Structures are given as C-alpha cells and as structure tokens.
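The values are calculated or read from the model by the stated rules, or taken from the named source; none is laboratory data. Only a predicted model underlies this, so the values are computations on that prediction, with no experimental measurement involved. Here the Cβ positions follow ideal geometry from the backbone for every residue, glycine too, while neighbour counts run over all protein chains shown.
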Amino acid sequence: MTADLFDGTADVGPAEQAIAEGAILLRGFVRPFEHDLLPALHAAIEQSPFRHMQTPGGHQMSVAMTNCGAVGWITDRSGYRYDATDPQTGQAWPAMPDVFLLLARQAATRAGFGGFVPDACLINRYEPGARMSLHQDRDERDFSAPIVSVSLGLPAIFLFGGPKRADKPLRYRLQHGDVVVWGGPSRLFFHGVAPLADGDHAALGRKRINLTFRKAR
Ligand SMILES: O=C(O)CCC(=O)C(=O)O
Ligand SMILES: [Mn+2]
C-alpha cells in the first residue's frame, strides 16, 4: 500500500490523461496557482457580477456567467458573440488577472500549444442542477488557439464527444483544480456538462466555477 491511498489522491487516476487527439486532462494543475487565483476571481466577479443570459431562442441559461479580458462572450436574443463591453454594467469587462494568464499559458504549453495568449475568459457558475448542453466553441475567429478550461469547486461530469453532435460523449469527473485543454484536431469537438450534483465545497461552497480561456480575436 502506498501513501497516496491515505492522502485522498488515490482515486483521481493519472495526473495527465489524453482524452482525444489534441485534448488532455491535467488533474490538479491549478494547485500552485490557487492562492492567487481565488482572490483574483472574486475581484473580477465583484466588478462584473454573474447573470443568467438568454439564448437566441429566448431560454434562460441555467449556468450564470460573466467574463474578464479584453472581450467577453455574451448571448441574448440577437445571438452569440464577443463584446468588449459588459452589457450589464456598460463598462469594459474586468482586465484578465496575471495569474489567469499565467495558468492558461502554462496549461496550454503543457498540452502542446505554446504561445497561447487568451483575450477572453468566460466565467461560468453552476449551482446544483445547472448544466451545459453539448455544443462547440465556435464564436472565436481563430481556431488555431486551444480552449483551456479550469474547474473549481464542486465536482462535475464533463462530457467530451467528437466532431459531430451525434458522437457519443465520454464522461470525465472534473474536480477542483483540474484543467482540460483541447485544440488542434479536437478544437471543435462537442462538449458539455451534466447537471451538477448538490454538495458543499470547502473553498467555494455549493457551486462549481469554470473558467474557459479563449483567443477570441
Ligand atoms: O463548464 C465547463 O466545464 C465547460 C464550459 C464550456 O464548455 C463553455 O463555457 O463553453
Ligand atoms: Mn464550450
């Protein structure tokens, strides 16, 4: 028996797991950044609070969202797009904190995508029951840059499919501190999040927060 059977890490599997060509799950990658990351996250949320956006079809999303960076992803009755202004505050989105940039760049590099400089970070808040249906991230101008997705708080089941909506997704349990990077051949693969199970996370309480870094422009 090894020590990791007792320190809570025995059930998380390998630290790095390829999940498709160009896609990798980096377990616990956030740990060295966490001390600076959480205060920076809270400052951004204070400036541009979470809100439930409307889909173009008029449905309210179960996930609450905000952004930081030069541009932010928004959706309303007129469609999905990136905008430099937060429509709720009328101001620019909060600047991307240095620790966000550093984490995103290092994770992308680890996944084989050197030189990643995101200009947008979509911040998703899932409360119990919230979900994100299968979709592609395709509102960015340049698909040569990867997507870097950071999980914080309650664990979630991440669904990662293939190039077609009908491709049956594989399921990955993402925990606080895990990062998924997808790019290159899997940049446009369908993905989503199953309804969040209830729980109480030591650092974040009754929710999951996801940071999705993109090069939008
Ligand atoms: O919450 C997640 O893990 C995925 C979020 C996502 O796919 C998105 O914001 O486009
Ligand atoms: Mn997505």
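List the residue pairs whose Cβ atoms are under 9 Å apart, where the first residue sits in the stretch 170-193 and is within 15 Å of PHE213 (Cα to Cα), the second is at pLDDT below 95, and the two are 6 or more positions apart or on different chains.
These pairs meet every condition: ASP178/VAL12.
Taking only the stretch 163-190 into account, find how many residues are within 27 Å of ARG105 (Cβ to Cβ) and assigned to a loop (DSSP other than H, G, I, E, B).
Residues that pass the stated criteria total 10.
Select from the stretch 141-162 the residues that are part of a loop (DSSP other than H, G, I, E, B) and of a type in the set (A, V, I, L, M) and write down the one among them that is farthest from GLN106 (Cα to Cα).
That would be LEU154.
Determine the pairs where a residue that is among the hydroxyl-bearing types (Ser, Thr, Tyr), located within the stretch 149-169, has a partner that is in a loop (DSSP other than H, G, I, E, B) with Cβ atoms under 7 Å apart, the partner being 6 or more residues away or on another chain.
SER151/GLN175; SER151/HIS176; SER151/ASP178
For the stretch 118-131, state whether one or more residues are free of Cβ contacts under 8 Å to residues at least 60 places away in the same chain and either under 22 Å from GLU21 (Cβ atoms) or away from ligand 1 (no atom under 13 Å from the Cβ) (or both).
Among the residues of the stretch 118-131, not one is free of Cβ contacts under 8 Å to residues at least 60 places away in the same chain and either under 22 Å from GLU21 (Cβ atoms) or away from ligand 1 (no atom under 13 Å from the Cβ) (or both), which makes the answer no.
Assigned to a loop (DSSP other than H, G, I, E, B), in contact with a Phe, Trp or Tyr (Cβ under 9 Å, 6 or more places away or on another chain), away from ligand 2 (no atom under 13 Å from the Cβ) and not acidic (Asp, Glu): is that true of GLY129 in this structure?
Here the answer is no, as GLY129 does not meet what is asked.
Has the stretch 48-64 got at least one residue that is assigned to a strand (DSSP E or B), polar (S, T, N, Q) and within 20 Å of ARG208 (Cβ to Cβ)?
Yes, the stretch 48-64 has at least one match.
Please specify each residue of the stretch 72-120 satisfying the condition of being of a type in the set (Val, Ile, Thr) and within 16 Å of ligand 2 (Cβ to nearest atom).
ILE74, THR75
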